[in-house]
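Asker: Following this message is one structure expressed as structure tokens.
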Amino acid sequence: MEVERNDFGIFVHRRVSFTEIPSCEIIIFSKYSIHTKCRFCSLHIMTSLKYEAGKFAWLICLAFFLSGCWLGCCIAPCFIKSCKDVIHICPDCSQVIGRYQKL
Ligand SMILES: [Zn+2]
């Protein structure tokens with residue numbers, strides 16, 4: 001509580017509130033599941049992983065295509081986990097927490 005005098009000379013009690021300043025946390029994502037706090041549901045979680053073909057997988061596809069593998073085998077990197085980007089998902093609220101991109 002804070003006491004203050006207004007324009008009419010009357011003392012007024014003013015409620016002082018403090019807001020919590022959110023901490024700036026840098027999370028480095030990798031190809032492995034990590035333990036973190038979900039910024040959507042505020043629970044401490046181990047992230048679930050989902051794999052998605054990203055720039056790296058498509059670049060390898062292009063390299064295979066240009067080297068003569070143009071009968072369909074050039075898209076093989078899009079089905080290999082180690083070539084794909086890794087998306088970290090909260091198992092509780094299913095929101096995307098972060099992404100690990102190969103490129
Ligand atoms: Zn969550």
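Asker: Using 15 Å as the cut-off for backbone N distance, which residues of the range 41-56 belong to the label zone defined by a point 7 Å from the Cα of Q95 along Cα→Cβ?
Answerer: 41-48
Asker: Considering amide H positions built from the backbone, and no H for Pro or chain starts, which residues 5 or more places from R99, or on another chain, come under 5 Å of its amide H?
Answerer: H88
Asker: Given bins 5 angstrom wide, list per bin the percent of all Cα-Cα distances in the range 34-82, short to long.
Answerer: 5, 20, 19, 12, 9, 9, 9, 8, 7, 3
Asker: Could you check the spin-label model distance between L49 and F11? Points 7 Å from the Cα along Cα→Cβ, value in nm.
Answerer: Each label point lies 7 Å from its Cα, and together they span 6.5 nm.
Asker: K81: net charge of surrounding residues, Cβ under 14 Å, Lys/Arg +1, Asp/Glu -1, itself excluded?
Answerer: Computed value for this residue: +2.
Asker: Please give the residues of the range 37-59, grouped as numeric ranges, whose backbone N is less than 15 Å from a label point set 7 Å along the Cα-to-Cβ vector of I27.
Answerer: So the set is 37-50.
All of the numbers you see were taken from the coordinates with simple rules; none came from a lab. Bear in mind that the values here come from a model prediction, so they are computed numbers and not experimental data. Virtual Cβ from ideal backbone geometry, glycine too; neighbours counted across all protein chains shown.
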